[in-house]
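Visitor: Here you go, one structure.
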Amino acid sequence: MFAGCNLVLTLLIVSFVGQSHGFWPFTVSATTDAPDTVYADAGAKRIAIIGAGAAGSSTAYYLEQFANNSGVAINVTVFERNSYVGGRTTTVNAYGNPLEPVELGASIFVEVNAILKNASHEFGLHATESGTETEILGIWNGKTFVYTQKEGGWKYWDLAKLFWKYGLAPYRTQRLMQTVVGKFLKLYEFPFFPFRSLSDRALDLDLISVTAQTGQELLAKNSIGASFATDIVQASTRVNYGQNIASIHGLETMVCMAIEGAMQIEGGNWQIFDSMLKTSNTTTLLNTAVDAISKTNGRYNIKTSSEDSMTGETLTNEEPFDTVVLAAPLQYSDLKLEKGLLKHTPDEIPYVKLHVTLFTTNKTFSPSFFNLTTGAEVPTTILTTLPVDEVPEDPTKGVGSPGFFSISTLRQVINPATLEQEYLYKIFSPEKLTSEFLSNLFGTEIPKDLSAVKADSGEAITWYYPKVWHSYPYEFPRVTFEDLELARGFYYTSGIESFISTMETSALMGMNVAQLIVNDYLQLLEEKAEGETPAQAILEEKPKNEHVEEL
């Protein structure tokens, strides 16, 4: 039987926790890179990486490997303005208890995510299947549950129900996903890796035809019924990206369905990226913001600021680097760039403003909130879609009548003040949750001031942690993607987010940029050996890579 047969059971239990930023839950220390630092090899190429998320950590990790394999001497410094490593992979502690970490950010990766999977094995990190304990899963359209499924049920009966209701749509969706994702995976392989233009590579691999249309159009062209597309596929695009199939492009839609072997690292996925930096012989400066970049005599001047932990005084520093990697969206970087520094400036694009709310309570969902009769069984994990007659005019306001994207019962936890068992919940929504909403959801009075709740307060809510993130772009259909090299020796990783926005693809772009940087240095060494001056080589522009015919 094909791997994705029980599609809904697998998809809807594990694909539920999207991407976002957060804070570092443990004590960390940052090494310092003072102006008088003496490097082991003063002649080594200096590389600055701005951002210690998936892309920045991956860039540093693979730079070390590729440079060592090629005999290129490098010194890498990673600047991170926050106090933690991991970017959109982070945990917080329920009740402030380190024994109860919960993913606030990117929560799962899957079997085909080779970089994350291989790194977790290499670093000895323990992967578990998923972080959601689901008993009953339901898909709600704001009026009624269009699909429900009990965990642990007879899978052949679940499969029969699925095909009875949706015909061959589940099978066709699985086949389409495998075809599309199979093309994408060629980006990891020669001759498609490395690439200087994502637009060119997407064209080479016939993925432009997928990103140029909406998920809804792609599904319809492949004879996948509208009911399955709306009920099941759209539930996945909403929980993963806060977007409906009428607006999200086809490639990201298919990524949402590639959920076989979903896993997460016990204690937090951030450990993958922390381990990448720790094993890469990299200087990592936490709590250090890059404020401005200029260029003098062919080198980039990086101006930074940080706060003295003892005095609170703001400390500034400026250092030269041969190469810069901006591993974060430029529009949110607060960078001041010297006029004319970049040959191309990335366009500002809209990002999803996602409210992620974690909280604990001993209450369960009220049947009346979901228009069920008193005493009716309510699903414990709830994804949402839209009624067939509801089409939001503004894609950025597509939550519709459900009012939220997902509600997850993550697990049971022990309240440290009362020693009573409670439920740990997670809600994704486009707006801040209100006490009125939560009161209706649980059928009980909820405190007006949720910021003041305490574990021993005796209130219905005993721990509450809300956060707002610009979590991922609105994945509107498009046929071109941002350049990787914004100027000679100035690389940008975030352009891939409009193509596919995941931990894995950010790590892939980091690996790709690392290989390009090493290739550039090798070219300079060759040119120098042939008598060409380094200055000439630095100032010359390389053409973008030519198209590669798919093999």
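Visitor: Can you compute the FRET efficiency between residue 148 and residue 470 using 1/(1 + (r/R0)^6), with r the Cβ-Cβ distance and R0 = 41 Å? Round to the nearest 0.05.
Guide: 0.80
Visitor: Write down the accessible area per residue of the stretch 146-219 in Å², having rolled a 1.4 Å probe over the full set of protein chains.
Guide: Per residue, the stretch 146-219 has 48 Å² of solvent-accessible surface.
Visitor: Can you tell me the mean projection area, over all orientations, of the convex hull of the stretch 116-263's alpha carbons? Units nm², please.
Guide: 10.9
Visitor: Using the basic label-point model (7 angstrom from Cα toward the beta carbon), what is the residue 527 to residue 389 distance in nanometres?
Guide: My value for the distance between the label points is 6.6 nm.
Visitor: Here is a further query. Under the Karplus relation 6.51 cos²θ - 1.76 cosθ + 1.60, θ = phi - 60°, what is the ordered set of whole-Hz ³J(HN,Hα) values for the stretch 189-202, x standing for Gly and Pro?
Guide: Residue by residue, the stretch 189-202 yields 10, 5, x, 8, 10, x, 9, 9, 9, 5, 4, 5, 5, 4 Hz.
Visitor: Which ³J(HN,Hα) values, rounded to whole Hz and listed in residue order, are derived for the stretch 449-463 from phi using the Karplus coefficients 6.51, -1.76 and 1.60 in 6.51 cos²θ - 1.76 cosθ + 1.60 with θ = phi - 60°, glycine and proline given as x?
Guide: Here the 3J(HN,Hα) series is 9, 6, 6, 9, 5, 9, 4, 9, 6, x, 7, 5, 9, 10, 8 Hz.
Visitor: With runs of 4+ DSSP H residues as the only contributors, calculate the mean residue ellipticity of the chain at 222 nm using -39,500 (n - 2.57) per run, divided by the residue total and rounded to the nearest 500.
Guide: -8000 deg cm²/dmol
Visitor: Another one. Cα centroids of the stretch 148-216 and the stretch 402-448: how far apart, whole angstrom?
Guide: After rounding, the separation between the Cα centres reads 33 Å.
Visitor: Averaging the inverse of every distinct alpha carbon separation and then flipping it gives the Kirkwood radius. What is it for the stretch 54-116, in angstrom units?
Guide: Over the stretch 54-116, the inverse of the mean reciprocal pair distance is 14.4 Å.
Visitor: Right, here's the next one. Set Lys and Arg Cβ to +1 and Asp and Glu Cβ to -1, take the dipole of the chain about its Cα centre, and tell me which of 371, 178, 84 lies farthest positive.
Guide: Value: 371.
Visitor: Next question, about the same structure. Can you give me the long-range amide H partners of residue 295? Hydrogens built in the peptide plane at 1.01 Å from N, cutoff under 5 Å, separation of 5 or more residues or another chain.
Guide: Amide H to amide H, under 5 Å and 5 or more residues apart or across chains, residue 295 pairs with 301.
Visitor: To continue, here is another question. Per residue of the stretch 210-215, what does 6.51 cos²θ - 1.76 cosθ + 1.60 with θ = phi - 60° give for ³J(HN,Hα)? Whole Hz please, x for Gly and Pro, Karplus curve as stated.
Guide: Once rounded to whole Hz, the list reads 8, 6, 7, 10, 6, x.
Visitor: Just name one of 486, 240, 516: the one whose Cα is farthest towards the positive end of the charge dipole of the chain (beta-carbon charges, Lys/Arg +1, Asp/Glu -1).
Guide: Among 486, 240, 516, the one farthest towards the positive end of the dipole of the chain is 240.
Visitor: With a 1.4 Å probe and all protein chains left in place, how much accessible area per residue does the stretch 76-124 have, in Å²?
Guide: 33
Visitor: Okay, moving on. Only Lys, Arg, Asp and Glu count, each charged at its Cβ (+1, +1, -1, -1), so figure out the dipole size of the chain about its Cα centre, rounded to 20 debye.
Guide: Charge dipole, the chain, about its Cα centre: 1020 debye, nearest 20.
Visitor: Does the stretch 202-307 come out rounded, prolate or oblate, given a ≥ b ≥ c as the square roots of the eigenvalues of its C-alpha gyration tensor, rounded meaning a/c under 1.5 and, failing that, prolate meaning a/b above b/c?
Guide: It is prolate, given that a/c is not under 1.5 and a/b is the larger ratio.
Visitor: Further question: Quick query: amide H of residue 406 versus all other amide H atoms, modeled in the peptide plane; which residues come in under 5 Å with a sequence gap of 5 or more or a different chain?
Guide: Long-range HN contacts for residue 406: 428.
Visitor: Measuring from centroid to centroid over Cα atoms, what is the spacing of the stretch 44-90 and the stretch 257-288 in Å?
Guide: Measuring centre to centre over Cα atoms gives 12 Å.
Visitor: Could you pull out the pairs from 278/528; 183/278; 117/303; 161/363; 45/528; 117/183 whose alpha carbons sit more than 25 Å apart here?
Guide: Listed pairs above 25 Å: 278/528; 183/278; 117/303; 161/363.
Visitor: Sticking with this one: Net charge near residue 208, counting Lys/Arg +1 and Asp/Glu -1 over other residues with Cβ under 12 Å of its Cβ?
Guide: After counting each charged neighbour, the total is 0.
Visitor: Now, a different point. Computed FRET efficiency, Cβ-Cβ of residue 334 and residue 376, R0 51 Å: what is it to the nearest 0.05?
Guide: 0.50
Visitor: Now, a different point. With point charges of +1 on the Cβ of Lys and Arg and -1 on the Cβ of Asp and Glu, referenced to the Cα centre of the stretch 377-426, which listed residue (415, 381, 425) lies farthest in the positive direction of the dipole?
Guide: 415
Visitor: Could you work out what % of the accessible surface of the stretch 94-227 is carbon and sulfur, using a 1.4 angstrom probe and leaving DNA, RNA and ligands out of the count?
Guide: Heavy-atom surface of the stretch 94-227 belonging to carbon and sulfur, 1.4 Å probe: 55 percent.
Visitor: Another question, if that's okay. Please report, as a whole percent, how much of the solvent-accessible surface of the stretch 253-391 comes from carbon and sulfur atoms (probe radius 1.4 Å).
Guide: On the stretch 253-391, the fraction of accessible area on carbon and sulfur atoms equals 46 percent.
Visitor: Moving to a separate point now. Determine the per residue accessible area of the stretch 373-419 with all protein chains present and a 1.4 angstrom probe, expressed in square angstrom.
Guide: Accessible surface, normalised per residue, equals 47 Å².
Visitor: Could you give me D for the stretch 191-255, from Stokes-Einstein at 10 °C and 1.306 mPa s, where the hydrodynamic radius is the Kirkwood radius over C-alpha pairs? Units µm² s⁻¹, please.
Guide: 128
Visitor: Amide H neighbours of residue 463 under 5 Å, at least 5 residues apart or on other chains, H built in the peptide plane: list them.
Guide: Close amide H contacts, sequence-distant or interchain: 360.
Visitor: While we're here: For an R0 of 25 angstrom, estimate the FRET efficiency from the Cβ-Cβ distance between residue 318 and residue 73 and round to the nearest 0.05.
Guide: 0.60
Visitor: Run the quick spin-label model on residue 203 and residue 309: label points 7 Å from Cα toward the beta carbon, then report their separation in nm to one decimal.
Guide: Placing both labels 7 Å beyond Cα along the Cβ direction yields 5.0 nm.
Visitor: Taking the Cα centre of the stretch 414-536 as origin, work out the dipole magnitude from +1 charges on Lys and Arg Cβ and -1 charges on Asp and Glu Cβ, in debye rounded to 20.
Guide: Approximately 340 debye in magnitude.
The values are calculated or read from the model by the stated rules, or taken from the named source; none is laboratory data. Owing to the predicted nature of the structure, the values given are computational and were not obtained by experimental measurement. For neighbour counting, all protein chains shown are included, and Cβ atoms are generated from backbone atoms with ideal geometry for every residue, glycine included. For the accessible areas, the whole protein counts, side chains as well, though only heavy atoms, and no ligand, DNA or RNA atoms are used. Shrake-Rupley method; radii C 1.70, N 1.55, O 1.52, S 1.80 Å.
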